[in-house]
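Below is one structure, written out as structure tokens; comments come after it.
What follows draws every value from the coordinates through simple rules; no lab data is involved. Predicted model, so just to flag it, every value in this text is computed and none were measured. No Cβ is skipped: glycine too gets one built from the backbone with ideal geometry, and neighbour counts run over all protein chains shown.
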Amino acid sequence: MAGAALAGRPVSMVEAVRRARQAAASYRGIWSWVATVDHKRIGMLYAVTAFTFFLIGGIEALIIRLQLAQPAGGLVDSDQYSRLFTMHGTTMVFLVVMPLSAAFFNLLIPLMIGARDVAFPRLNAFSYWVFLFGGLFMTASFFTGNPAGGFFQGKLGAPDAGWFGYAPLTLTKFSAGHGIDYWALGLIILGVSSMAGGFNFIVTIINMRAPGMTLFRMPVFVWMTLVTSFLIVLAMPIITVALFQLMFDRTFGANFFNVAEGGTPLLWQHMFWLFGHPEVYILVLPAMGIVSEVLPTFSRKPLFGYPFVVFSGTAIAFMSWGVWAHHMYTTGLGSVANAAFGVSTILIAVPTGVKIFNWMATLYGGSIKLNTSLLFAVGFIAMFTVGGLTGVTHSIVPSDYQQQDTYYIVAHFHQVLVGGALFGLFAGIYYWFPKFSGKLLNEKLGQAHFWLMMIGFNVTFQPMMILGLLGMPRRIQSYPDGMGWGLWNMVATVGALAIAVSIMVFMVNIVYSMIRGEKAGADPWDGRTLEWTIPSPPPAYNFAEIPQVRALDDFWHRKYAENESGVPVPVVAGGAYAEEPHGDGHGIHLPSPSFMPLIAAFGLPIIGFGFIYDYALVAAGAMITLFGLYAWALEPASE
Amino acid sequence: MQHAPAVHQAETSTGIDNRKLLMWLFLASECLFFGGLIGTYLLYRNRSEGPPFPTDTVYNGVPYSGVFDIPFTSISAFVLLMSSVSMVLALAAIQRNDKRGLRAWLLCTALLGMTFLAGQAFEFTEFYREGLTVHSNLFGTTFFVLTGFHGAHVSVGVLILLSLWVMALRGKISAKESLNVELAGLYWHFVDVVWIVIFTVVYLIQPT
């Protein structure tokens, strides 16, 4: 409370903070969200924030598509175009897919392992606030990044060197404004958020499991979260080093990527992709986990080959460290390196293929309930398979020489990141929305969303495969008439608009279902995992009594036994919807709300602004963060 | 220094304290962080396009004397290593509830850490006088960023040690809270180990 004393009104400030803390503790009003340390609320904050960034990134994509719809498009100039595609990629990777996955981790992990919260609730809040401030910091670059003119003079700020930020494009010589500074510092800040989250979920999963919840009784989503979190905490430091090096080059005139002093831009590529390839799996493994939960529930069968799915996910994570140079075949590493990385890249397709067969075998012979969630999960399998196979074509070095830097690459990674990760995340949204809102999402609107998106997605990205094979390069702002690219570009733009409509249908569905949606009980899907044993929405304390786990898919086995031919029959005692006995949660101690994570996080973007504009702000931001951390350490975690 | 890991969870699934596990994971990720910096140093070693050089070098037929003062840096490395010993003694003291011992050894560790930092500040100033900056050449860039980040870690460590020392002065640390000291110790030893690697790679092993 030193800050309050400095402000000259110590009593009222302290009193105000105390009242806000009380209001937050009793779950009322805006303060209860600002100071929350409840994993479910933090998860919802993550989801809403990430979805907002998704809309921003989507608008950037639409502008790109409108620009390219016809030859010699004139909507944006090449400078603006570079900034748009850079921010589109950066936003979608770091501000949408990663935090949406984090939203699922937050919402589900404690519920799935039978815990009352994560291991470090305040650190969890800190992760969210750092993500929010980092995202706002990054997005602010649009308005302030280009000193040559404001937003309305037709001179956007924002970084302009692609989401991969290849040196020397990022050096001051080739990118004069502050865009790249915002990019580098923003990603360092976002890295802090991801790593804090990663540590938290590893400790939570390893240490907070309910009695009987052994590692091989954990739902696959929990496994994939564990694996993803390890990738995050080990991959993020590498990009952090590279970003610091870039920042030192730009801010202090260091020579890391300065060719004139003997530096090599290849260092950036190695560092970036050594992070970047594990990052690809950071993006997609959570979606794989989600699909592995959705498919068994709606097939009413256990996941086929559970240990294989788990070990394949782990194998993918290990192998993802040995494939990075397949992004660099054409940089002249030599044929031995290219061959080695080609082989390792082909090999990583094996555990991925194992998973795909396991998912299909899960569906096979099941009594399938084809609702929106399952549609998205099946769509994931199909689209991800196409994406994976086009990836294998890249692993073949001579083939990649032809595809390098063409729209074929663009088509491929959208196929895995939209058709893969995003479809998986939507499957999860339709599956778990009832758990956290208490309402079912509307099926008709949901199916309209799915089909529009599925068709729009294919109409957008399959033409890009053709465009790539026709030789259209990526990252070009316009192309002349007569290249034969006009038709397919127009088709792709129409597809992109269809995706935009499908997202609107989704938003209508959310709002409609929140207001008039059918009420969901505790267990609307006849689920298999622990989160379905508690009411929807779950009470603040999650479990009135910490469950005792006896098997994989424990909840299913509480509801069903098998007859001689292996057909599930409801257990008579308790019936199909046997719920946990619900106490009123009285006497359960929950962690106290806290403002300190917010304050500690708030200092970070100020430090960022300081490095760009005035070093005094660096000191100010550091003081704020330090104050937040000390107050955090000294306040009681629960009262 | 975070208190009470979570909601009145009496025991963890593995029996390892949450905070200790967190610290080990953090240190694991720090390995990758310093790995990146040390890797960069090694990549650019001996590739500077001009002086100053770390050791005596003949460049384009002109002899240059190196900036390194190995005996001086050896002493400051020794000081940092000794701080690990006093850190161990601090933890041992509080584990047998010897609060006086804890205060003494914590302060000793922090002072040794500060001595190391002072040595680094002196060294940086000397190098700067001889023309080595983050801008001068690849050696300057990689040297200052690598050792600078290590110095920043030592500074954070000193801050943690001094905070613990203040808590100890107020009698807020007893054998029951010895984990606080243990966690600070884990971090401190890690920073020491990293310095052993840096000292060996940067100062001792010179390309011939």
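A few remarks follow.
- A count restricted to the stretch A:487-534 and to residues that are under 20 Å from A:Phe298 (Cα atoms) and assigned to a loop (DSSP other than H, G, I, E, B) stands at 12.
- Residue among A:Phe221, A:Phe216, A:Phe230 that alone is within 11 Å of chain B (Cβ to nearest Cβ) and over 30 Å from B:Gly140 (Cα atoms): A:Phe230
- Yes/no for A:Gly58 being part of a helix (DSSP H, G or I), over 25 Å from A:Phe126 (Cβ atoms), out of contact with any Lys or Arg (no Cβ under 7 Å at 6 or more places or on another chain) and not acidic (Asp, Glu): yes
- The set of residues from the stretch B:11-61 being more than 8 Å from chain A (Cβ to nearest Cβ), of a type in the set (Ser, Thr, Tyr) and not in a loop (DSSP other than H, G, I, E, B) comprises B:Tyr41, B:Thr57, B:Tyr59.
- If you filter the stretch A:458-480 down to residues that are closer than 18 Å to A:Met383 by Cβ and touching a Gly at 6+ places or on another chain (Cβ under 6 Å), you find that the one that is surrounded by the most Cβ atoms within 10 Å (Cβ to Cβ) is A:Thr460.
Rundown of residues vs (1) closer than 30 Å to A:Val222 by Cβ; (2) more than 14 Å from chain B (Cβ to nearest Cβ); (3) crowded, with 20+ Cβ neighbours inside 10 Å, yes/no style:
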residue: A:Leu45; (1), (2), (3): yes, yes, yes
residue: A:Ala72; (1), (2), (3): no, yes, no
residue: A:Asn124; (1), (2), (3): yes, no, yes
residue: A:Val130; (1), (2), (3): yes, yes, yes
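- Boolean, B:Glu126 is buried (at least 16 other Cβ atoms within 10 Å of the Cβ) and more than 14 Å from chain A (Cβ to nearest Cβ): no
Residues checked against (1) over 24 Å from A:Val294 (Cβ atoms); (2) aromatic (Phe, Trp, Tyr); (3) touching a helix residue (DSSP H, G or I) at 6+ places or on another chain (Cβ under 9 Å); (4) part of a helix (DSSP H, G or I):
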site	(1), (2), (3), (4)
A:Gly313	no, no, yes, yes
A:His326	yes, no, yes, yes
A:Leu333	yes, no, yes, no
A:Val343	yes, no, yes, yes
A:Thr352	no, no, yes, yes
A:Asn358	no, no, yes, yes
A:Thr362	no, no, yes, yes
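- For the residues A:Leu422, A:Leu363, A:Leu370, the requirement of being more than 19 Å from A:Gly495 (Cα to Cα), buried (at least 18 other Cβ atoms within 10 Å of the Cβ) and touching a residue at least 12 places away in the same chain (Cβ under 8 Å) singles out A:Leu363.
- Evaluation of A:Gln402 against (1) closer than 30 Å to A:Arg528 by Cβ; (2) more than 24 Å from the chain's Cα centre (by Cα); (3) among the polar types (S, T, N, Q) (one fails), failing number: (1)
- Restricting attention to the stretch A:47-70 and to residues that are in contact with a helix residue (DSSP H, G or I) (Cβ under 6 Å, 6 or more places away or on another chain) and farther than 27 Å from A:Val491 by Cα, the residue that is surrounded by the most Cβ atoms within 10 Å (Cβ to Cβ) turns out to be A:Ala50.
- Considering residues of the stretch A:249-269 that are facing chain B (nearest Cβ under 7 Å) and in a helix (DSSP H, G or I) only, the residue farthest from the chain's Cα centre (by Cα): A:Glu261
- From the list A:Arg65, A:Arg41, the one residue that fits, being without any contact (Cβ under 8 Å) to a residue 12 or more places away in the chain, basic (Lys, Arg) and away from every other protein chain (no Cβ under 14 Å), is A:Arg41.
- Qualifying positions in the stretch B:34-73 - over 18 Å from B:Gly140 (Cβ atoms) and in contact (Cβ under 8 Å) with a residue 60 or more places away in the chain: B:Phe34, B:Ile70
- Residue check, B:Asp192 of a type in the set (Asp, Glu), out of contact with any Gly (no Cβ under 6 Å at 6 or more places or on another chain) and free of Cβ contacts under 8 Å to residues at least 40 places away in the same chain: no
- Search result, residues across the stretch B:132-167 that are outside any helix (DSSP H, G or I) and facing chain A (nearest Cβ under 8 Å): B:Val134, B:His135, B:Asn137
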